[in-house]
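Beneath this line is the structure, given in structure tokens, with notes to follow.
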Amino acid sequence: MRALRGVDLEVGEGETLAIVGESGCGKSTLARLLVGLEKPDRGVIETSESIIPMVFQDSLGSLHPRRRVEQILVEPILIREGRWRFTPADRGRAEAIAAKVGITAELLGRFPHELSGGQRQRVNIGRALALDSKILVLDEPVSALDVSIQAQILNLLKELQATQGLSLIFISHDLSVVRFIAQRVAVLYLGRVVESGPAREVLTKAQHPYTETLLQSDPDATDGPPVRVVQGEPPSPLEVLPGCSFAGRCPLVQPICRTEYPAATVRGDRQFSCHVRAQADGTEN
Amino acid sequence: MKNLIVDHLSIRFGAANPVRDVCFQLDAGRSLGVVGESGSGKSLTALALMGLLPDQARVSGELSWGGRSLQAMSERERRAVRGREIAMIFQDPMTCLNPSFTVGYQIDEVLKLRLGIRSRVERRKRGLEILSDVGIPAPETRWDAYPHQLSGGMSQRVAIAQALASEPELLIADEPTTALDVTVQMQILELLFSLKKKRGMSLLFVTHDLSVAGRLCDEILVMYAGQSLELASANAILKFPQHPYTQALLAARPHLGGGASERLKTIPGSVPRANEQIRGCVFAARCEKKFDRCEREAPVFSSASQFNRCFLSKNERGSL
Ligand SMILES: Nc1ncnc2c1ncn2[C@@H]1O[C@H](COP(=O)(O)OP(=O)(O)O)[C@@H](O)[C@H]1O
Ligand SMILES: [Mg+2]
């Protein structure tokens, strides 16, 4: 099984690239590849960083239940230095990291289960930044949080980005959140990037019918009910079909879509893979 | 057709009081979105209406359905209402579906026991119609399938079909699509609301997402810390929110159409615990518009305050 095919992505310094798509589209596989939890069969990942840290959706599951917040925050430092003991000097480091991510001093002695979801996610972000990485991968970091807490974490990420020049790879299914946090977007469908470009443009003038579908499915999209809700569900990534992977659900489908995967149409800093839209665009290549 | 009235509903578990004062009315054939962050008491309110709260729960207040008090009913009457007149679906479709029985069997049971349809042939015909109504393609091929053989979206459709099979007058849907993919989510919600219209039933739709409720419901009830804070038409809630909590909730959410503005508004502090005694307004501690009175005295939620539990509501303002 191939979870990802021909994925080309680039994220600049201090930039946020959002990867958008539904479950099973390969978002999480991509995240795991980026941080080295999995190895690609083919292709390369190039970065100036030796370690790319990652923050997960499940804020509790990724924290050691019997370690205190201060210990968790400096875990990566201890691992790098190959030691186990938490020293008084580490406490100072933990405090500095905590201050960066808005964790107050009285929380440093607590255990993960004594924290709220928002506080736990701050701890996860703090730990990820312990080694001063310049790039961070976040897999649905705010999806499990209530709206008011979501806003705090999103603000924090933006702030960190501005003050530390961080690059973020932000994986999400929530387009409104993406619109707020990202400069660039790549839309993934069944392991392929079907459209990418500046967030501002992709999320207002989508080219790929799948991106349009996502936009119409977003409750913020319009005041009234959507013009057209796509039918069917994403097929299993195990089924390898010739042609465009969205053909089975696409309202614009043409015979060619079922036989040939569309080449990417490149227009400035935007890119999309759709036979029908490429023809309409008149620049098929 | 029956109206649903919830008046001063309170639910206690020992010292905890997770539902403190919930009031609303849902008129026959209308849809009401019950919106609030997690822990605000939405599910408990829904379960109270179904009579499915755990035994330790102490319930006070009035729940009235078609002019009859739900609490005054005998267990037998209650079960009859639950089976025939009010149905409920949950976030996890497996709450309603039995994994050991086929899709067809579960629908068939409802048609046999609840509607009393004797003929098996007739039941199968009706059952297939319902499955096709909820958007299950080629329902004959799914009739003998087990729930685990279906995708999450398909299972939720079957759960909806099962709930609708008894032809309820009121459907309660508690976060029915939260676990599903975005494109599937909208499909199912559109389906739910179109079925509501077609069948003329009432819909109580529980969600944490104000935008979803705003897009689909007639009215919205905003809940916080176990209280109803604001009730108004969906349009009014989204465009002219009155309660400071509703306003804060709307401002905290990024918008697709909005620019990538520098910061989102956040709500400082955290939700009060269920066992906390609160003398004044439940939101006062976090409210940016609070003044002395808010922490001393509890604002009321009634037609006099225009269903806005706030001393700043138009009519309350006169009494300042
Ligand atoms: N059986 C119970 N005993 C004690 N507390 C409970 C029980 N069930 C629910 N609660 C509490 O009630 C609160 C509200 O729950 P719920 O109605 O599920 O909220 P919502 O659906 O809005 O997320 C929760 O904080 C929960 O801790
Ligand atoms: Mg709930």
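Odds and ends about this structure:
- Candidates are the residues of the stretch B:169-179 that are more than 16 Å from ligand 2 (Cβ to nearest atom) and crowded, with 22+ Cβ neighbours inside 10 Å; the one that is nearest to the chain's Cα centre (by Cα) is B:Leu171.
- When residues in the stretch A:170-204 are screened for being away from every other protein chain (no Cβ under 13 Å) and among the hydroxyl-bearing types (Ser, Thr, Tyr), 1 of them pass.
- Residues in the stretch A:15-27 that are over 16 Å from A:Arg184 (Cα atoms) and crowded, with 18+ Cβ neighbours inside 10 Å: A:Glu22, A:Gly24, A:Cys25, A:Gly26.
- Residue in the stretch B:215-244 that is nearest to ligand 2 (Cβ to nearest atom), counting only those that are within 13 Å of chain A (Cβ to nearest Cβ) and touching a Cys at 6+ places or on another chain (Cβ under 7 Å): B:Ala234
- Residue within the stretch A:198-208 that is buried (at least 21 other Cβ atoms within 10 Å of the Cβ), modelled with pLDDT of 90 or more and basic (Lys, Arg) present: no
- Meeting the requirement of 3 or more residues that are farther than 23 Å from B:Leu192 by Cα, the helices (runs of 4 or more DSSP H) wholly within the stretch B:42-119 are B:75-80.
- Scope the stretch B:187-209; condition touching a Pro at 6+ places or on another chain (Cβ under 7 Å) and either facing chain A (nearest Cβ under 7 Å) or within 16 Å of ligand 2 (Cβ to nearest atom) (or both); matching residues: B:Glu190, B:Asp209
- Of all residues in the stretch B:120-140, those satisfying the criterion of being in a helix (DSSP H, G or I) and closer than 25 Å to B:Leu189 by Cβ are B:Arg126, B:Gly127, B:Leu128, B:Glu129, B:Ile130, B:Leu131, B:Ser132, B:Asp133, B:Pro139.
- Verdict on B:Val212 being in contact with an Asp or Glu (Cβ under 9 Å, 6 or more places away or on another chain), part of a helix (DSSP H, G or I) and facing chain A (nearest Cβ under 8 Å): no
- Just one residue in the set B:Gly66, B:Gly39, B:Gly51, B:Gly29 is out of contact with any His (no Cβ under 7 Å at 6 or more places or on another chain), within 25 Å of B:Ser270 (Cα to Cα) and not β-branched (Val, Ile, Thr); that residue is B:Gly39.
- Which listed residue, of B:Ser60, B:Ser31, B:Ser10, is within 26 Å of B:Ile278 (Cα to Cα), surrounded by 16 or more Cβ atoms within 10 Å (Cβ to Cβ) and touching a residue at least 12 places away in the same chain (Cβ under 8 Å): B:Ser10
- Some residue of the stretch B:178-186 being in a loop (DSSP other than H, G, I, E, B), touching a residue at least 12 places away in the same chain (Cβ under 8 Å) and under 26 Å from B:Glu85 (Cα atoms): yes
The values are calculated or read from the model by the stated rules, or taken from the named source; none is laboratory data. Note that the coordinates shown come from a computational prediction; the quantities given were computed from them, not determined experimentally. Every residue, glycine as well, gets a Cβ built from its backbone with ideal geometry; the counts of neighbours run over all protein chains shown.
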